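Down below is the structure, laid out as structure tokens.
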Amino acid sequence: MNWVTPIRAYVPEKPLFLFVLSNTATAYIPKISAAGKSPELTDHTPAGDAEIVETGNIISVPVLPITPPYNTPTPAIITRAALNLTGIPHMFVNAGLKVVPEISFVDLMAKPGCDIRENVAVHDAKGIFERAQKLGRDIRDQTDHLVIGESIPGGTTTAMGVLNALGHDGNVSSSSCSNPLDLKNKIVKEGMDASGVEFGSLRDDPLRAITCLGDPMMVAVAGIVSGTDGIDVVLAGGTQMAAVFAIIKHLGINTDNISIATTKYVVDDASANFGELVDELGVPVYAADPGFGASHLPGLQRYEAGDVKEGVGAGGAMYLAQMHGVSQEELRHEVEKICGELC
């Protein structure tokens, strides 16, 4: 069964999975993010995601990263399952965290993002980009196939803001089955007004678009990709990584070796325009189906209903797992095992 499409008949010799972790105060806006039981608890979500991927459990955070009201588990469990089954090496990058995980990571010395309704959403975007670019140069000899995932609550709203500033319509996805697009559009409009930005007015200045309306994850990933100098790069995520691809393209960086890997839940999201956006941008896309409809766990079945959809590089992790011969059933059973250990 082809559970990742299209099939890529290639197995890299030195794959590396990179996780870029950030926070933005945009997530504090009520009903903007479902990546936590409350807006305030989203501060802990990236750290919790990283600890689950690395250790199988949370260490420094008070509650599991779950999506209410059904307590749907974080996609970090999918990523951990894929890495467990393949043994692919990975590393974590702190690109502006409010809560730091108790694991090893590279620190880009970035501040957490501000509310995009302020006139500065990301401080020192240029500095973050340059430090991330150096990291890209440092790791490019370690890998021939770099997959980059992210964890940042509120990131689909900042993605919409940057896409608008660059001149792209961005009906972004949501970690909730009920996508609050009207609210996101309202917040983005307020952010654009606060910064004096109009639709497409920053198409030639993507770092300024991030400064005004983005988040530190975006500029960190763009910088890392810039430093990798043409190796294969897969952006593991949905509309947020489509926004990062747009930034990279507007920066004039060569995109020939860049693709996106996400989940079928993002591709099939009728509330978003992911398909139209990636077609416009001209980026190849891989879509993974974990087969959670066959799971006995109600929390995993909620993915089929539209909860969570993507995050923590889940689509990219499944893409790598399939390349390394893991079946959909093996992946699902490993996810269920991890869920049992967490509960």
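The values are calculated or read from the model by the stated rules, or taken from the named source; none is laboratory data. A quick note: this is a predicted structure, and the numbers were derived from the prediction, not measured. Note: ideal-geometry Cβ built from the backbone for every residue, glycine included; neighbour counts use all protein chains shown.
Points to keep in mind about this one:
- Residue in the stretch 54-63 that is in contact with a Ser or Thr (Cβ under 8 Å, 6 or more places away or on another chain) and in contact (Cβ under 8 Å) with a residue 60 or more places away in the chain present: no
- Among the residues making up the stretch 325-336, those that are touching a residue at least 40 places away in the same chain (Cβ under 8 Å) and part of a helix (DSSP H, G or I) are 328, 330, 331, 332, 334, 335, 336.
- In the stretch 302-322, the residues that are at positive phi reach residues that are assigned to a helix (DSSP H, G or I) with C-beta atoms within less than 7 angstrom, at least six apart or across chains, in these pairs: 306/265; 309/265; 309/266; 312/49; 312/53; 312/76; 312/79; 313/79.
- Residues that are within 25 Å of residue 184 (Cα to Cα) and small (Gly, Ala, Ser), drawn from the stretch 111-132: 113, 121, 125
- Meets criteria (at pLDDT 95 or above, hydrophobic (A, V, I, L, M, F, W, C) and within 15 Å of residue 281 (Cβ to Cβ)) for residue 233: yes
- Considering the stretch 68-184, the qualifying helices (runs of 4 or more DSSP H), each wholly inside and each with 1 or more residues that are surrounded by fewer than 20 Cβ atoms within 10 Å (Cβ to Cβ) and modelled with pLDDT of 95 or more, run over 76-86, 125-139.
- Residue 36 being modelled with pLDDT under 90, within 17 Å of residue 155 (Cβ to Cβ), under 17 Å from the mean Cα position of the chain (by Cα) and assigned to a loop (DSSP other than H, G, I, E, B): yes
- Checking residue 224 against (1) among the aliphatic types (A, V, I, L, M); (2) without any contact (Cβ under 8 Å) to a residue 60 or more places away in the chain; (3) within 23 Å of residue 12 (Cα to Cα), the condition it does not meet: (2)
- One residue stands out among those in the stretch 109-128 that are touching a Leu at 6+ places or on another chain (Cβ under 7 Å) and among the hydrophobic types (A, V, I, L, M, F, W, C): the one that is farthest from residue 193 (Cα to Cα), which is 128.
- Across the stretch 1-26, the number of residues qualifying as of a type in the set (A, V, I, L, M), at pLDDT 95 or above and farther than 30 Å from residue 104 by Cβ comes to 0.
- Qualifying residue in the stretch 290-303 (condition: crowded, with 21+ Cβ neighbours inside 10 Å, under 16 Å from residue 85 (Cα atoms) and either at pLDDT 95 or above or not charged (D, E, K, R) (or both)): yes
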